[in-house]
Amino acid sequence: MAPANDRGGVKSKATILIVEDDENIQQLVGYNLAKAGFQVLYADNGEQALTLVRQENPDLIVLDIMLPGLDGYEVCKTLRRDPRSRRLPIIMLTARTDENDVSTGLDLGADDYITKPFSPKILISRVKSALRRVQERDDNGLDGESEGILRVHNIVIDLRRYEVLAQGAEVALTLSEYSILELLARRPGWVFSRQQIIDAVRGYDYAITPRAMDVQVFGLRKKLGAAGDFIETVRGVGYRMRP
C-alpha cells in the first residue's frame, strides 16, 4: 500500500488507479484526485489495469465498464477471484445508468457505482468514504490469539484479517459483503432495515437503491452456501442474522 498521511481520518496519500479509455475523462478524474491529495495511476484498458494492480498494489480502483478488450465487468471478476485483490475497493464509473447495470456491477463485487456525467466532488467523497471504511477496519484490529474472532452458528469471522469461514471452508467476500455479514453477525436476532444496512456499510452520503442492496445480500448468501440460510429476510423491513 502507499504510505499513509492521515487527513481527517482519510488516507490522503493513498494510490488510486484510474481505468478509463477516454483521455478527457481520465485526466479530469486524475486532476481532481491529485488535487485532493491522492497519488494517481492510469490504465487505458483492462489488461493494463490488471498488470498495474499486480505491480503497484493500489489502494482503490476507479473502473470504467466500457473498455477496449477486457471490459470493466471482466476486470472486476478477475480481481475478485484473486485472493490478493478480492477486498480491493472498486468504484465503477460508467455511462451505463440502467438499474440492471448497477446491480450487475455490484453483484460482481464493485463497492460503489457512479454514473456519468458525474460530479468530481461526489467522486472524491465516495473515494474517501471507501478508503475510510478500509482504514477503520485496520484501526479496529485486536491483539491477542483469542481476540478479534466473531463466531455465529457455523460462521467464523476473523476481524483482524477480514477472513470468513463457513462450515470450515474459507469464503471469498468483497469488502461490501464482508461488511454486511459483520453487521448482522454482531447482533444476531436484530432486524436491520435496508437503509440501516446501507448507512452502516456505505456511509450516510451513499446513494443506492434497496434493490441493489438486495443483490449484495443475495450474493453473500450464495457464497456462504448452506450457512447463508442463517441470514433471514424480514418481510417488508430488511434482514437479520438468525438468533
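In table form, for the structure just shown:
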| quantity | calculated |
| --- | --- |
| Segment 155-178 residues that are in the same structural domain as Leu108 (by TED's automatic domain parsing), paired with ones that are part of a loop (DSSP other than H, G, I, E, B) (beta carbon under 9 Å, 6 or more apart) | none |
| From the options Ala212, Ala207, Ala200, Ala226, residue that is over 26 Å from Arg84 (Cβ atoms), surrounded by fewer than 13 Cβ atoms within 10 Å (Cβ to Cβ), at pLDDT below 85 and not assigned by TED's automatic domain parsing to the domain that holds Arg84 | Ala207 |
| Residues (among the hydroxyl-bearing types (Ser, Thr, Tyr), surrounded by fewer than 18 Cβ atoms within 10 Å (Cβ to Cβ) and within 16 Å of the chain's Cα centre (by Cα)) located in segment 94-135 | Ser125 |
| Which numbered condition Tyr239 fails, given (1) assigned to a helix (DSSP H, G or I); (2) touching a Phe, Trp or Tyr at 6+ places or on another chain (Cβ under 8 Å); (3) crowded, with 18+ Cβ neighbours inside 10 Å | (1) |
| All positions within segment 54-93 that are of a type in the set (A, V, I, L, M) and closer than 21 Å to Glu163 by Cα | Leu60, Leu79, Leu88, Ile90 |
| Number of positions in segment 156-171 that are more than 16 Å from Phe230 (Cα to Cα) and either touching a helix residue (DSSP H, G or I) at 6+ places or on another chain (Cβ under 6 Å) or at pLDDT below 90 (or both) | 6 |
| Positions within segment 68-78 being surrounded by fewer than 23 Cβ atoms within 10 Å (Cβ to Cβ) and either part of a strand (DSSP E or B) or at negative phi (or both), in sequence order | Pro68, Leu70, Asp71, Tyr73, Glu74, Lys77, Thr78 |
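The values are calculated or read from the model by the stated rules, or taken from the named source; none is laboratory data. Keep in mind it's a predicted model, so treat the numbers as computed, not measured. Because the Cβ atoms are built from the backbone with ideal geometry, glycine has one as well, and the counts that use them run over all protein chains shown.
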